[in-house]
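> Dumping the structure here so I can ask a few things about it.
The values are calculated or read from the model by the stated rules, or taken from the named source; none is laboratory data. Keep in mind that this is a model prediction, so the values were computed, not measured. A quick note on method: Cβ atoms are made from the backbone with ideal geometry, for glycine too, and the neighbour counts reach across all protein chains shown. Note: areas computed on protein heavy atoms with side chains; ligands, DNA, RNA excluded. Shrake-Rupley method; radii C 1.70, N 1.55, O 1.52, S 1.80 Å.
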Amino acid sequence: MREIYVTRPSMPSKEEYYEEISTIWDTHVLTNMGEKHNKLERRLEEYLKVPNVSLFCNGHMALELAIQAMDLTGEVITTPFTFASTTHAIVRNGLTPVFCDINENDYTIDVSKIESCITQKTSAIIPVHVYGNICDVEAIDKIAKQYKLKVIYDAAHAFGVNYRGKGIAEFGDASIFSFHATKVFNTIEGGAVCYAEPQIGERLYQLKNFGIQSETIVNGIGANAKMNEFQAAMGLCNLRHVDGQITKRKKVFQRYIENLADIKQIKVNMVNPYVASNYAYFPIVFKNGNVEKIRDTVYDELKLHGIYARKYFYPLTNTFECYHGMFDVSKTPVALNISGNVLTLPLYADLELSDVDKISCLIKKIVRSDSRC
Ligand SMILES: *Cc1c(COP(=O)(O)O)cnc(C)c1O
């Protein structure tokens, strides 16, 4: 049986990658902010329309060190409808996550509930752009200004997304991207912080390189989170093709919409008219399902046909075993409901439209319990 996975990493041709890495044999510079690394930073600043990009070995370390660079204290407002990384990055910085619910419309933070989460101890908001949908950045900006809070966006899902003509990472004090193999743009593993204040750039540079200031001065307790030259070379190649990849993703996304939008048991993910999306994921949410049943049946049935959808994001981070007894999931009822009923369908640039039709057809058969497609 031919198998279809939820995603398939984008790769340049072998020839293009060989060509890009061949100069590494002339210089023998393999890592430590080499030529490829610096070139990729500049290219990304242009592509993402941001003043500053700092590259990292992966998205998680980008987020963890961005939080550290901001010197936050106490509590941080965030959402549990995200990848493990977001919550872990907060906790690993010794901070307390305060979970705000998400909205049912696009699954990002419910901005009408942020203020009720603010206490004397709150120092920041770490909202998550999910699936390529973006948070209500204007409302968040307003609240952050009023209460003097920092804002760091987890933009791992939002590479290349533009909002009203602006790069999405222009909003907030910083945004982090993941360039993991499975993301819209990859450097095999990798990540970046886009930041507004130049001092944050200096802090980040130190934090990803052991806190070293100069040969004899180590004045920060840093980690090692540098992106190496082979990762950066992969990025330089993939960046040449990313627009084409997004165009192909859009075709797949639209085909799913055509096939599934009028199935009354399903809510499809619509794109905000002011957003130029990257079509990163195609989540469907099963409506009035007796909680997890229909979603799980569809997941299992697709698997029997060699189609690997994902229950993404499930479970919520505030229900993880490692946080047992620490958080009250009843405070985020919308997130709990969406998480129990969401399924993310296969979506990548080279997914055949005939496969999209096949997947859609299987889903329709199951939810309508008849054989029509
Ligand atoms: C992928 C992802 C991350 C972590 O990125 P890595 O590059 O895998 O470390 C963080 N947050 C979200 C929402 C993600 O999807």
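> Please verify whether region 185-193 includes one or more residues that are of a type in the set (Val, Ile, Thr) and not in a loop (DSSP other than H, G, I, E, B).
Yes; the residues of region 185-193 include at least one that is of a type in the set (Val, Ile, Thr) and not in a loop (DSSP other than H, G, I, E, B).
> I need the full set of residues from region 22-44 which are in contact (Cβ under 8 Å) with a residue 12 or more places away in the chain and in a helix (DSSP H, G or I), in order please.
Ile24, Glu35, Lys36, His37, Lys39, Leu40, Glu41, Arg43, Leu44
> Only one of (1) assigned to a loop (DSSP other than H, G, I, E, B); (2) out of contact with any Gly (no Cβ under 6 Å at 6 or more places or on another chain); (3) open to solvent by less than 60 Å² (accessible area, probe 1.4 Å) fails for Val50. Which number is that?
Every condition holds for Val50 apart from (2).
> If a residue must be more than 16 Å from Ile200 (Cα to Cα) and either under 17 Å from the mean Cα position of the chain (by Cα) or within 16 Å of the ligand (Cβ to nearest atom) (or both), how many such residues does region 48-64 contain?
Total satisfying the criteria: 5.
> Right, something else. Select from region 1-21 the residues that are in a helix (DSSP H, G or I) and open to solvent by 60 Å² or more (accessible area, probe 1.4 Å) and list them in ascending order.
Within region 1-21, Lys14, Glu15, Tyr18, Glu19 qualify.
> Please determine, by comparing only the residues of region 180-219 that are of a type in the set (Ser, Thr, Tyr) and over 15 Å from Ser54 (Cα atoms), which one is modelled with the lowest pLDDT.
Only one residue fits best here, namely Ser214.
> Quick one: which strands (runs of 3 or more DSSP E) lie wholly within region 65-145 and hold at least 2 residues that are surrounded by fewer than 24 Cβ atoms within 10 Å (Cβ to Cβ)?
96-99, 122-126
> Any chance you could count how many residues in region 172-200 are away from the ligand (no atom under 16 Å from the Cβ) and either open to solvent by less than 10 Å² (accessible area, probe 1.4 Å) or farther than 19 Å from Cys57 by Cβ (or both)?
The qualifying residues number 5.
> I need every pair where a residue in region 177-192 that is charged (D, E, K, R) has its Cβ under 9 Å from the Cβ of a residue that is at pLDDT 95 or above and within 6 Å of the ligand (Cβ to nearest atom), sequence separation at least 6 or different chains.
Lys183/Gly59; Lys183/Ala156; Lys183/His157; Glu189/Asn58; Glu189/Gly59; Glu189/Ser178; Glu189/His180
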